[in-house]
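What follows is a single structure, written as structure tokens, with notes after it.
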Amino acid sequence: RHPEAVEEESSDDMRFLGARGIGLVVALLVVAHPAYAQGLAYGAKGGLDLTRVHFGSSFAPDTGTSAGVVGGGFVAWRLAVGFDLRGEVLVAQERANFDSVITDTIRTLDVPVLVRYRAASPAGHAIHVSAGIVVRRVFDAIESAAGESSSIADGVTRSNQALAAGGSIVILSHWTADVRYLQSRKGLYKKIGGGTEGKTRTVQVTVEYQF
């Protein structure tokens, strides 16, 4: 491997670990300080991840939609009447299927940061709309074909971001159904000679429980 590539990857790792450390400090301050703890809600969530990869080229057609899973936890802090700031830590397993011959399985650590607005409450079922950004880190990538599997971690974009928008509805006490659309800002795969290709477009359908 070229020293420049190693140095760049190490730099990415340091930035990622630094951001995670800052986030942990903020979370501890929020939980520890009574003034911040007021209006704080937290819980767990999990569900289905439906992903396709968009190449935008006749030479590399888009993949079909493939099903994976996603799960983790969330914290929400009320900002004002009807608004809250929401942070999540999720582990996602996404799949990209190429003509039913090759399947890439991508496992990521996702950190969504969203602003939610309470849009309505029909019959006491609160409906929220949300938007924000998702910081994503790939920690595993496997390609399977003809009964054999191999790592393609060096060929994928390890750090990425996605724009997110969606909505949710309270279905039972403590239980909420959530649908979210994500579109990555950079491609999933590295191109020979530099750059990326294959932006992911994902719909996540989850159920969450607030403790």
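The values are calculated or read from the model by the stated rules, or taken from the named source; none is laboratory data. This structure is a prediction, so every number in the text was calculated from the model and none was measured. Note that each Cβ is placed from the backbone with ideal geometry, even for glycine, and that neighbours are counted across all protein chains shown. The area values use the complete protein model at the heavy-atom level, side chains included, leaving out ligands, DNA and RNA. Shrake-Rupley method; radii C 1.70, N 1.55, O 1.52, S 1.80 Å.
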Checklist entry - Per residue, how much accessible area does the stretch 68-211 have with a 1.4 Å probe, in Å²? => result 51
Item to check | Dipole in debye (nearest 20) - the stretch 119-193, about Cα centre, beta carbon charges: Lys, Arg +1; Asp, Glu -1 | outcome: 380
Item to check | Formal net charge of residues neighbouring Ser144 (Cβ-Cβ distance under 10 Å; K, R +1; D, E -1) | outcome: -2
Checklist entry - In what sequence, highest mean first, do 149-157, 86-94 appear when ranked by Cβ atoms within 10 angstrom? => result 86-94, 149-157
Item to check | Mean separation of Cα contacts under 8 Å, 6 or more apart, over the residue count of the stretch 103-193: relative contact order % | outcome: 26
Checklist entry - By average Cβ neighbour count within 10 Å, what is the ranking of 122-133, 197-208 from highest down? => result 197-208, 122-133
Checklist entry - Carbon and sulfur together cover what percent of the accessible area of the stretch 38-80 at a 1.4 Å probe radius? => result 61
Checklist entry - Separation of the stretch 78-95 and the stretch 117-135 by C-alpha centroid, Å? => result 11
